[in-house]
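Here the structure comes first, spelled out in structure tokens, and everything after it is commentary.
The values are calculated or read from the model by the stated rules, or taken from the named source; none is laboratory data. What you are looking at is a predicted structure, and each value in this text was computed from that prediction instead of being measured. Cβ placement follows ideal geometry from the backbone for every residue including glycine, while neighbour counts extend to all protein chains displayed. Remember, those area values only see protein heavy atoms, side chains included, never the ligands or the DNA or RNA. Shrake-Rupley method; radii C 1.70, N 1.55, O 1.52, S 1.80 Å.
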Protein chains: 2
Amino acid sequence: MSQGEAKVILTEPLLESEAVWTKLVKKTYRDPNGVKRTWESAERRTRPKDSEIDGVGIVAILEKETGPEIVLQKQYRPPLDKIVIELPAGLVDEGETAEQAAIRELKEETGYVAEVLETSPIMFNDPGFCNTNLRMVHVSVDMSLPENQDLKPELEENEFIEVFLVRLDSLWEECKRLEAEGYAIDARIANLAEGIELAKKFKL
Amino acid sequence: MSQGEAKVILTEPLLESEAVWTKLVKKTYRDPNGVKRTWESAERRTRPKDSEIDGVGIVAILEKETGPEIVLQKQYRPPLDKIVIELPAGLVDEGETAEQAAIRELKEETGYVAEVLETSPIMFNDPGFCNTNLRMVHVSVDMSLPENQDLKPELEENEFIEVFLVRLDSLWEECKRLEAEGYAIDARIANLAEGIELAKKFKL
């Protein structure tokens, strides 16, 4: 299989009665001046009742002798009809913490076995448009473990993911190169890369 | 007015026939194995026909003697029913480039007059859920200009924005502090902050 073969063949309006994963809602609110207004917003239907987040993104850095490298993925995404450069990521299951979801998703999608270093605040993907959100979980990958030599991802039948590594100090250039090759770039990666460039520029 | 007064009072399903700003679509696609599948996706209805992006985010850094500071905003967002810490940002108008939109929005929202330094690749906010995207435009703000001493934002009647500055080297700590105070954090800022922390940690 090659992800380049994947292709949207039909785009149709989705009826409210048909929607299983997504929904649109109308929020009626009082603005800061007390004026009543409405706002349209998109939501996932999948957030577990006891969860404050939809999912997690995973920052997995391999500390190599040649410098740190970050684990990235290529994944075909029907909403864009493109192969997207993304961090490992996934939705949280019922009763699962962000950290548990991160360790599980990283193992399933990449095969890497990891330990949690730090969990981020909740981040909102596009707060004027939708309520979707995630926590970023930073993990360490011990490359001396046998499981991390011989990677065995466990993908679902509708998941197509290619894992690759990028040197952290060239992530910004790599985003630009991959876009020029026709890939779409996920905002999390591009913003991480921009942060790295800002730190370099201002010697933080 | 205080943004803390704003509040959602009713959340209802939004009918397809009522929606003006948003829509749900069903994508029928062939997966990389040639299997026909469907995917639900959310979209904005506002992207100009000739535009490949919905909007822009603006990275405006003030270079002060005490170190670089980034321009941030507090804005009440009905989809979250919270005040969100965001970068200056906005939707592109018909016929407008990312750079033009960035300079216009920064002026309208903050009063700062700026010049473009660099424009990012297109970034997708949540590629498994929606097609919304933006370019980040990095700008320089010349603090010796009189317009940048006496700021005159030009907000629309339904816009409520408070502008503030954060030291770039403490952006990550500030995100955590602001979340603890009850603010929601936009992903672009939090990911920039994470990138800065990664660069510090690995001495990039």
Degrees between helix A:171-180 axis and first principal axis of chain A (Cα, 0 to 90, nearest 10) = 70
If R0 = 41 Å, then residue B:52 and residue A:152, at their Cβ-Cβ distance, give a FRET efficiency to the nearest 0.05 of 0.60
One decimal, nm, nearest first: from residue B:164 to the same residue in each other copy, label points 7 Å out along Cα→Cβ, the values are 4.1
Once the in-chain neighbours fewer than 8 apart are removed, the lysines whose Cα is under 21 Å from residue A:36 read A:26, A:27, B:7, B:74, B:82
Sticking with the crude label model, points 7 Å out along Cα→Cβ, report the distance from residue B:177 to residue A:94 in nm, one decimal please.
-> 4.1
Which whole-number percent gives the relative contact order of region A:72-129, counting Cα pairs below 8 Å spaced six or more residues apart?
-> 20
Could you grab the relative contact order for chain A? Cα pairs under 8 Å, six or more apart, rounded to a whole percent.
-> 21
Put a label point 7 Å from Cα along the Cβ direction on residue A:153, then list its distances to the equivalent points in the other copies in nm, shortest first.
-> 4.3
Chain A shape via C-alpha gyration tensor axes, a/c threshold 1.5 | prolate
Inter-copy label distances at residue B:16 (7 Å, Cα→Cβ; nm, one decimal) = 1.2
Percent of beta bridges antiparallel (DSSP, the protein assembly as shown, rounded to nearest 5) | 80
When a/c is below 1.5 the answer is rounded, else prolate if a/b is larger than b/c, else oblate, so apply that to region A:96-204 with a ≥ b ≥ c taken from the square roots of the Cα gyration tensor eigenvalues.
-> rounded
Set Lys and Arg Cβ to +1 and Asp and Glu Cβ to -1, take the dipole of the protein assembly as shown about its Cα centre, and tell me which of B:48, A:57, A:119 lies farthest positive.
-> B:48
Can you put B:31, A:93 in order of accessible area, largest first, using a 1.4 Å probe?
-> A:93, B:31
Take the rotation relating chain A to chain B, measure from its axis to every Cβ in chain A, and name the nearest residue with the distance in whole Å.
-> A:195, 1
For residue B:145 paired with residue B:36, estimate the spin-label separation in nm (one decimal), with each label point 7 Å from Cα along the Cα-to-Cβ line.
-> 5.6
Gyration tensor on Cα atoms of region B:73-113, a ≥ b ≥ c root eigenvalues, a/c under 1.5 rounded, else prolate if a/b beats b/c, else oblate, says oblate
Just from its helices, what would the mean residue ellipticity at 222 nm be for chain A, if runs of 4 or more DSSP H residues each count -39500 (n - 2.57) and the sum is divided by every residue, rounded to the nearest 500 deg cm²/dmol?
-> -6000 deg cm²/dmol
Would you mind checking the tilt of helix A:187-201 against the longest principal axis of the Cα atoms of chain A, expressed as 0 to 90 degrees and rounded to 10?
-> 60
Using Cα atoms only, what is the angle between the long axis of helix B:98-110 and the major principal axis of chain B, expressed in degrees (0 to 90) to the nearest 10?
-> 60
Per residue accessible area of chain A, 1.4 Å probe, in Å² | 44
At what distance in angstrom do the alpha carbon centres of region A:137-204 and region B:6-35 lie from each other?
-> 29
Area accessible to solvent at residue B:119, 1.4 Å probe radius, in Å² = 40
